[in-house]
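Asker: Pasting in a structure now, in structure tokens, and then I'll have a few things to ask.
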């Protein structure tokens, strides 16, 4: 039995995709589908009968890259929100600790506190120091969180999707023009052939045709 056959017979040997991978994959398919839908809308607007199939794979790579960039930016946004929430909670906790220490002192000096008050004051002081350490760590994490780079990556990947989509549209339009040119050439050659036949058998100069003024303008004749 071949290795591939063995893998198919034993699904457990195929590594399962993570939730993140499934999200990226599904999002990439939607991005590609939306781009193709926009391309086909443009083709319809320009009266082309051809439509780009939804399974066209030319957008796959850039759509996947954009999907990954979107996912990374989302993770950054979630992490940013979590850190900001933690920072707010730690700041409130710090001020609560300070208020508790002030309440224990009650405008007295440490030397005026009894043993139980000193113990409680020290415990709150330790909690306050721990909160400060966590505050500092959270502030550092926030400063190091480069959300700008994630947003820039999304912008680059989005532009890449647009470029590939535009390339597909222009390639399709060029193909349409080439086919139209060939049809026009064939029609003109057929008209000339008919004119030559008429001139030989019926006399005269044969058929004549004046091109549409719009065609003349487009061709720069």
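The values are calculated or read from the model by the stated rules, or taken from the named source; none is laboratory data. The model shown is predicted, which means the values in this text are computed figures rather than measured ones. Please note: Cβ atoms are built from the backbone with ideal geometry, for glycine as well, and neighbour counts cover all protein chains shown.
Asker: Would it be correct to say that residue 33 is assigned to a helix (DSSP H, G or I) and either at pLDDT 95 or above or surrounded by 12 or more Cβ atoms within 10 Å (Cβ to Cβ) (or both)?
Answerer: Answer is yes for this residue.
Asker: Condition test on residue 154, is it within 29 Å of the chain's Cα centre (by Cα), assigned to a helix (DSSP H, G or I), surrounded by 12 or more Cβ atoms within 10 Å (Cβ to Cβ) and modelled with pLDDT of 85 or more?
Answerer: In short, yes.
Asker: So which residues in the stretch 168-195 are free of Cβ contacts under 8 Å to residues at least 60 places away in the same chain and under 22 Å from residue 31 (Cβ atoms), if there are any at all?
Answerer: Scanning the stretch 168-195 gives 170, 171.
Asker: Give me a count of the residues in the stretch 52-73 that are assigned to a helix (DSSP H, G or I) and surrounded by 15 or more Cβ atoms within 10 Å (Cβ to Cβ).
Answerer: Let us first name the residues in the stretch 52-73 that are assigned to a helix (DSSP H, G or I), namely 57-73.
Subset that is surrounded by 15 or more Cβ atoms within 10 Å (Cβ to Cβ): 58-60, 62-73.
Residues that pass the stated criteria total 15.
Asker: When the stretch 37-51 is examined, which residues are found to be outside any loop (DSSP other than H, G, I, E, B) and touching a residue at least 60 places away in the same chain (Cβ under 8 Å)?
Answerer: 38, 39, 42, 43
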